[in-house]
Every structure is written in structure tokens, then in C-alpha cells.
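Asks: Handing you a structure now.
No value in this document is a laboratory result; all are computed from the given coordinates. What you see is a predicted model; the values in this text were computed from it and never measured. Glycine also receives a Cβ, built like all others from the backbone with ideal geometry; neighbour counts cover every protein chain displayed.
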Amino acid sequence: MNRFFQRTVGLAVIVIVLLAAGLLWWGIAVTDPPVLWEPAHVTLAGVWRVLYSTELPHLGVLATALGIALFLVLFVIISERMVAWRYRRADAEVTKLALAPRVVMARTRGEFAGPVTVTVLIPAHNEEASLPLTLESLKAQSSPPTRVLVVADNCTDRTVAVARAHGADVFETVGNTHKKGGALNQALEDLLPTLGDNDTVMVMDADSQIGEDFLTEAVRRFTVDRALMAVGGLFEGEEGHGLLGQFQRNEYTRYQREIRRRDGRVFVLTGTASVFRSAALRAVAAARGSELPGTRGEVYDTFALTEDNELTIAIKSLGGLTISPTACSVVTELMPSWRMLWAQRLRWQRGALENLGAYGVTPQTLRYWAQQIGIGYGVLALFTYFALIILMIVSMDTWVWFPFWLVVGLLFAIERTITVWRGGWRARVVALLVFPELVYDCFLNLAFLRGVFEIAFGRSATWKHVDHGAAKAVAS
């Protein structure tokens, strides 16, 4: 583990964001000195007097802001494409990467490892309530898996009995203290030596259901591309949970749309449901403790809070290709309360930052660093926006409208609505109102800030299991 980056990753994000904000503030100060407003006014129906300002923002400031944004977007896109392009070359540096496409294609040329098979691993800790639906979704697949193995981890309910009643095999962990990652490591230690290069392993949450063509599409992708190392799912939220559930569904719908526009080039292989080529998992296990963080021989780094994010970076660091096709859909459970949502997002954020600290700055992690810095800058911008609105309300006797920013706000509302259009009329109404989702974004941003400051000041993190069955029982 890169201890230097592990200790300073939070501070690095804070400093970079503040420097960027300071630079923009300085640019505004030197190009657009403050002036007193001289709003025009109009009387509506002879009763309502409306004040409005026709002043436009300084064009130089707008051009600078747009230029910086365009530069950052192009930087991320070009860096990603450069990494993928390098992996398809056979230069000396790339050939050191065990999962680089050129290396894989050369190693497997002229060999047939048999048809692609799928073994499903379902890590489960007290999941008797949600497990039946998950297993039924596997039985309904157009191409059923070769084997389904429920990894029962320290269960005190009927998880084992439910799994066997639905025809699944069961692997019970022994003395596991490392949560999901530790449970999967125990199961994979027995499973991987029995699998060939064309045998794949699907890791699937016990509270999720996959679309009926998920495995058909995954098998097809692995069959036509020997260099492909992982196929992830595109997840969407289940129905229910009121307005909080709709917020989460809108968030996931936008993420799906973004990945579709990227032709499946995914940021993170979701732990909800992803399929891995066995050769990729073996390569990761062999590289642990040397090229990758973790313990040699273990697929999952048990010190990582977000094992799916960490495994994605691990596979990409070894040169592996990943994809999340549209046909690989997954329905996952949502957080039923604000408290559970806070715990989930804080764990995600801490895990993402700790993974960056473990891997440092590499060509494979540039995208993730840019994402964290972009989120941090967005947090600062959103809270500044609300602070300025409050300041304007308390400092002025009369509200002043700004047509330019009203048009910008209208375009923003249209964009928010279009990006969730597939979610139905409820999703569109919530998006069109704008402010409810901004409040939800503020909540997520607070979790981001908490995660950044915790890791920056060395506070310990914990992994919390969400008992969905108990939550549903309380709700009903």
C-alpha cells in the first residue's frame, strides 16, 4: 500500500479544490469588479411590481469557465483512450501487464479452452428474506448458469436452508472476520483452481435480480473477445420507498444513461452483479502484495471498504478490459431511510478515497482522481449557490430577477428531466422541480465532505451490513 498517498489523499482533494476555487475567484475579481445593481422594473396587471436586472455576466469569465470545463473533460477522455490504446500495443512496458489485451491474445492464440461457463457466487449474511427472489431471477435466465453457489457468511437465520431449498449449492465460511471480501476469498480459494480460462465467475448481491438476458449477453461478450476480463451490470433501483426511493432511482437512471453514452466503458464494476473471467481473478490474486495492494493469493483486498471499486482498479491496473453492456440489467434494493443512505454513501466515499490512496497516481487512476476532484468542486459550487441565494434574500428588501440565470436554470431543469425520461412520469416530475433533487444532492455532498475530512484527519472507518429484511419488516 502506498502509505504516503493513503495518508494525504483527502488533503490532496481539499487543497486542489480550494486552489481551483481560488483561481476562479481571482479571475472574477480582476475581470469583473463589483458594481451596484440598477435593476429595471415592470408592473404586472397594475399590481405586482417586478424588479429585474438585464446585466450579463462578464463574457471573459464565462469563456474562461467554459474553457476550463472543456479542458478537464477532454483531459479525462483523452487519458482514458490513451491508456486503452497503449494496452493494445506490444511495447515493453505493456507486455509486463498480465491482463493487457496483446498479452492475453498472444497467450491464448491457437488454444480452445472450451465453451464459456458461468458459476455464480452470492455472498449472503442473514439474507433469507431477499435471497429467494435473487435465486428465482437466475432460474429465469435465457442462458442459465452452470452452477449457483451461495456463500453463507456467519449467518444466524435460515439463509442456508433457503438456498438449498431453491436448488443452490452452499459454501459456509469458517472463522471469517473480513466481511464480504473475506467470505468471497474463502470460496474463491476452493473454486478458482477448478476453472479453466473460459470459465467465468459471477459475483452477485443477495438482494438483487438480474435481467433475463444478462448471462446470455455476458457469455456472448466473453466468447467473441478473448481479451475481455469482466462484464459488469447496469443497475436500476427497485420500486417503493417514497420520495427517497425516487431520488435514488433518478440517480441510477442518469448513471445508466452515462454508461450507455460511453458504449459500456464503465467506471466501476458494480458489486451488485458482475462477471469475471477466472484468469483475471487468478492474475489479481497472484499480483497482490507486489503489483497490487492486498495479501498475495487473495482476490479481494479485505482492507478495502468498497471491494467492487478496488477490484475494478486492480483489473485495470493489470491491463484488463471491462465493459457494462446495456443488456446486462440489474434491479437492486434501495436504501429505505436517510440513515441507511448516509451509511452507504459514506462507506462508498471513504472506500473510493482509500483505494486512490492505496494505488496512488497512475494512468489507470487518473480518471478516478479527476472524478473525486470534480465532485469536490461541485460540492463547493452547490453550497456556494445556496449561500448566495440566502445572502440575497436576507440583504435585500425586494427580490431581483436575473433573466440570464433564469434561462440557465430552465436549461438545467430540461436537462435534468431528459436524463431521467426513461424512469417514468414520477421521475420526470421530481427532476423538473429541480430543488428537491438539489436538496438530495446536498445530502450526498455532505457524505462526500464527511468522507474526505475523515480520511484527511485519519479517522477510522467501519463497514456496516444493511439488513434489508429487518428494514422492510419495520416499514410494514
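Asks: Would you mind getting the Kirkwood hydrodynamic radius of the range 115-334 from its Cα pairs, rounded to one decimal in Å?
Replies: Working: mean 1/r = 0.0574 Å⁻¹.
Mean inverse Cα-Cα distance, inverted, gives 17.4 Å.
Asks: Among L228, L334, L411, what is the fewest-to-most ranking by other Cβ atoms within 10 Å? It would help to have the intermediate numbers written out before the result.
Replies: Working: L228 20, L334 24, L411 10.
So the residues, fewest neighbours to most, are L411, L228, L334.
Asks: Same structure, new question: Any idea how many Lys pairs in the chain come in under 29 angstrom at the alpha carbon, given 8 or more places apart or on separate chains?
Replies: So the count works out to 12.
Asks: Using modelled amide H (1.01 Å from N, peptide plane; none on Pro or chain starts), what sits under 5 Å from the amide H of V170, excluding residues fewer than 5 places away?
Replies: V150
Asks: For the range 171-187, just list the computed ³J(HN,Hα) in residue order, Karplus coefficients 6.51, -1.76 and 1.60, θ = phi - 60°, integers in Hz, with x standing in for Gly and Pro.
Replies: 10, 9, 5, 10, x, 6, 10, 10, 6, 4, x, x, 5, 5, 4, 5, 5
Asks: So who's got an amide H within less than 5 Å of the one on G320, skipping anything under 5 residues away but keeping other chains? H placed 1.01 Å off N, in plane.
Replies: Hits under the 5 Å cutoff: L99.
Asks: Provide the per-residue ³J(HN,Hα) series for the range 248-254, in order, calculated from phi with Karplus coefficients 6.51, -1.76, 1.60 and θ = phi - 60°, each as a whole number of Hz, with x at glycine and proline positions.
Replies: 5, 4, 4, 4, 5, 4, 5
Asks: Also: Helix 278-287 versus the longest principal axis of the chain: what is the Cα-based angle in degrees, 0 to 90, to the nearest 10?
Replies: 80 degrees
Asks: Which whole number in µm²/s is D for the range 407-446 by Stokes-Einstein, with the Kirkwood Rh taken over Cα pairs at 25 °C and 0.890 mPa s?
Replies: The estimated diffusion coefficient comes to 238 µm²/s.
Asks: Determine the principal axes of the Cα atoms in the chain, then give the extent along each, sorted from largest to smallest and rounded to whole angstroms.
Replies: Computed over the Cα atoms, the extents are 80, 59, 42 Å.
Asks: Now, a different point. Whose amide H sits under 5 Å from the amide H of M202, counting only residues 5 or more places off or on another chain, with H placed in the peptide plane?
Replies: When sequence neighbours closer than 5 places are left aside, the close amide H contacts are T119, V120, L121, F276.
Asks: Starting at the first residue of the range 193-205, write each ³J(HN,Hα) from the Karplus equation 6.51 cos²θ - 1.76 cosθ + 1.60 with θ = phi - 60°, in whole Hz, x for Gly and Pro.
Replies: x, 8, 9, x, 5, 9, 8, 10, 10, 9, 9, 9, 5
Asks: How high is the relative contact order of the chain, in percent, with contacts defined as C-alpha pairs under 8 Å that are six or more residues apart?
Replies: Answer for the chain is 21 percent.
Asks: Which of rounded, prolate or oblate describes the range 146-255 when judged by the alpha-carbon gyration tensor and an a/c cut-off of 1.5?
Replies: oblate
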